[in-house]
Amino acid sequence: MTSSIKLMRTMIRQKSSSVHKVIGLQLLALVITLIIQLWQQGHLDALDPAGFFASYGMLATMVLFVLLALRTEHIWTNSVFRLIPITDTRLYISNLLSTFLNFVYFLILETIITGLLGSLDLADFNMPNTSHLFGYVTSGLALIFTLLLVGWTFISMVHLLGKMISTFLPETKQGFIQLVLYIVVFFLLFFVLSTIDNTIGNYVNNFFSPVYSMGTLYQIIGPIFILSGFMLLWVILFSLINIYLLKYWTEAK
């Protein structure tokens, strides 16, 4: 257990550099945007910094998703990690969990920075009843997190399946198989990131829209939790396949 904890700490520290780079680029984009805005209009509104930063948040999320996926996949064939005296199951859990925790860390930084840049004028919005706020927010986060986990575990499964298939094929055909797998991953990334984008957009719009009553919003919380539960089952299924492939069909480089 101690080895697993130390391993996960190492993975978290390595992957956090991707989080910091993405946040840094997002802040740089904010500064450039504010300079252009000030140059063109001669002034800035109070909500401009927070608004622009949040508007770049979805792109930052997409970039980070891909970067964390690449770092996750690198570990499966990295001899430094594969030679550590722990089971493949613990290695898999540590790798996936460290990726997930880094994304949570990213969301926390996004929230803090957005809050520091400016506060929303709540008079312009119709705030829902706070008694249901917890369920509304947690259902949205549950769906987003399970979508992310489905994406990462599916990418790992495609990657590890590609490694297994390549062992049965001559080198001349391995390139074609890898191309097909990359196309599959591309469409998966597009689906997952588009779904996350739509989910966040719908939640934010519904959250502040006067058209939706709290009763209407509350009715969708249950189905979203159910959908998240089904997505979690896919995560478990993909993970079981990945652990098997990692244990019996994946060699370190």
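The values are calculated or read from the model by the stated rules, or taken from the named source; none is laboratory data. The model shown is predicted, which means the values in this text are computed figures rather than measured ones. Every residue, glycine among them, receives a Cβ derived from its backbone with ideal geometry; neighbour counts consider all protein chains shown.
Close contacts from segment 178-193, counting a first residue that is closer than 11 Å to VAL158 by Cα and a second that is polar (S, T, N, Q), with Cβ to Cβ under 9 Å and a gap of 6+ residues or different chains, come to GLN178/SER166.
Residue-wise test of (1) touching a residue at least 12 places away in the same chain (Cβ under 8 Å); (2) acidic (Asp, Glu); (3) within 26 Å of VAL192 (Cα to Cα).
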| position | (1), (2), (3) |
| --- | --- |
| LYS6 | no, no, no |
| THR10 | no, no, no |
| THR33 | yes, no, no |
| GLN41 | no, no, no |
| PHE53 | yes, no, yes |
| VAL66 | yes, no, yes |
| HIS74 | no, no, yes |
| VAL80 | no, no, no |
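Has segment 73-96 got at least one residue that is modelled with pLDDT of 95 or more, out of contact with any strand residue (DSSP E or B) (no Cβ under 7 Å at 6 or more places or on another chain) and either within 30 Å of VAL31 (Cβ to Cβ) or not in a helix (DSSP H, G or I) (or both)? No, there is no match, as no residue in segment 73-96 is modelled with pLDDT of 95 or more, out of contact with any strand residue (DSSP E or B) (no Cβ under 7 Å at 6 or more places or on another chain) and either within 30 Å of VAL31 (Cβ to Cβ) or not in a helix (DSSP H, G or I) (or both).
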